[in-house]
Amino acid sequence: MEFILSGANPAFANSIRRAAMREAPVMAIDEVEFKTNESAMYDEVLAHRLALTPLRTPLKGYVLPSECSCRDGRCSKCSVSLTLKCEGPATATSGDLKSTDEEVTPVSSSVPIIKLEKGQRLELTAIARLGLGREHAKWQPGIVAYKYIPIFKVDGKACDGCGACVKACPQGIISLVKEKPKISDPVQCILCKACSEACPPKAITIGSDATKFVFRIESTGALPPEQILFKAMATLEDKCKEFGKLVKKLKG
Amino acid sequence: MELELVEKGDDSLLIKVVGEDHTLCNLLRKALYEDESVVAASYSIEHPLVGVPKFYVKTKKGKSPEHALMDAAERVTKQLEGLRKQLQKALKK
């Protein structure tokens, strides 16, 4: 998902980015119990691979283990158990993980976990829980990044309309209009400054607009991108409200 | 989140924001800059992993630093609320 955030400042944009990557809870495998592991890999290596397999996360129904009344993180409100049973010759994939909740399943069924030779067996039970990206990367719902919108300035007197900038632009978004360069789509600009470097009379300057940002959210598939953004904003809002209340209390 | 008072002057305040990080502190710091009665606003996190942010605010014109903080938090909340509603609208389409 891509969108433009305007009328903001860098701190605001960065807080949204940080909240989206760190504060939106998703499901990930947190504990693995191996019954049989005759594969070439150690238990912990497999556990690590399993943990990094993205799982679809339902929006409602589960709570963070720290907020659950059960306290041990094993009840049906805060955990889902998944089983895997595979015998070689085969490649165990994320699709072999059988979940007890049909809403919490691997996003893709083709993530390879381990290749098993003839006669090698693998059997395990895994527990998936909700968690936050601030704790471990396996709970990051995706990659959130932003960039500035460029301010493209041409010194009309210095520009001789040679077109060197048109050729230099790797995105191909500069064209000559009445012998003066113009950017057709500022969102496509990657701020590489190739145009200003290629310009013989140095007539082009590229600045960045610190109030407008092009955001890009790439989800792992655990949550839809708009939900990641929504959760991020809601968490930030709650944090600000709580902070305000605490300051009031502090003042007495 | 918890707030701990470290130092309190007539027009300045130093607090510890336990359980938070740059996500909230930087947002508030920038929001405080918009307030004309705020002379200084800053924070520091001494350790990137286990550090607790210390937040400093200094004000003038008779506005207390606590008041400035509350106003800043409210401004940001309103801004976020507006954005959230916009998003909700866009998603319904």
May I ask you to compute the full-extension gain from A:Arg71 to A:Thr36, defined as 0.36 nm times their residue separation minus their alpha-carbon distance, rounded to one decimal in nm? 9.7 nm
Quick check: the angle from helix A:10-22's long axis to the longest principal axis of chain A, C-alpha only, nearest 10 degrees? 20
For the range A:25-139, accessible area per residue (1.4 Å probe, heavy atoms of protein chains only), Å²: 55
Which one, A:Gln140, A:Gln227, A:Gln171, has the greatest fluctuation when you compute a Gaussian network model over chain A with C-alpha springs under 10 angstrom? A:Gln171
What nm distance separates the two modelled labels at B:Lys8 and A:Thr91, each placed 7 Å from Cα along Cα→Cβ? 6.4
Label A:Thr83 and B:Ser37 with points 7 Å out from Cα along Cα→Cβ: what is the distance between them in nm? 6.6
Per the rule of 0.36 nm per residue minus the C-alpha distance, extending A:Asp155 to A:Lys178 adds in nm 6.8 nm
So, in Å, what gap is there between the alpha-carbon centers of the range B:28-53 and the range A:156-232? 32
Please list, or write none, the aspartates and glutamates whose alpha carbon is within less than 13 Å of the alpha carbon of A:Lys85, excluding same-chain residues fewer than 8 places away. A:Glu33, A:Glu38, A:Asp96, A:Glu123
Full-stretch length increase - A:Cys192, A:Arg121 - with 0.36 nm per residue and alpha-carbon distance subtracted: 20.3 nm
How long, wide and thick is the range A:25-139, going by the Cα atoms along their three principal axes, in whole angstroms, largest first? 44, 25, 25
Ranked by GNM mean-square fluctuation in chain A (Cα springs under 10 Å), the top entry among A:Val26, A:Val45, A:Val80 is A:Val45
Among B:Asn26, B:Gln79, B:Leu69, pick out the residue whose Cα is farthest towards the positive end of the charge dipole of the range B:2-91, where Lys and Arg carry +1 and Asp and Glu carry -1 on C-beta, about the Cα centre. B:Gln79
What would the Debye formula give as log10 I(q)/I(0) at q = 0.17 Å⁻¹ for the alpha-carbon point model of chain B, no solvent? -0.74
Sum up the charges of everything whose Cβ sits under 15 Å from the Cβ of B:Tyr43, counting Lys and Arg as +1 and Asp and Glu as -1, but leave B:Tyr43 out. +2
If you take the accessible area of B alone plus A alone and subtract the pair, what total do you get in square angstrom, rounded to 100, with a 1.4 Å probe? 3100
In the range B:2-91, how many lysine pairs have Cα atoms under 28 Å apart, counting only pairs 8 or more places apart or on different chains? 29
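The values are calculated or read from the model by the stated rules, or taken from the named source; none is laboratory data. Since the structure is predicted, the reported quantities are computational estimates derived from the model, not experimental observations. Backbone-built Cβ (ideal geometry, glycine too); neighbour counts: all protein chains shown. Surface accessibility is based on the protein's heavy atoms, side chains included, excluding ligands, DNA and RNA. Shrake-Rupley method; radii C 1.70, N 1.55, O 1.52, S 1.80 Å.
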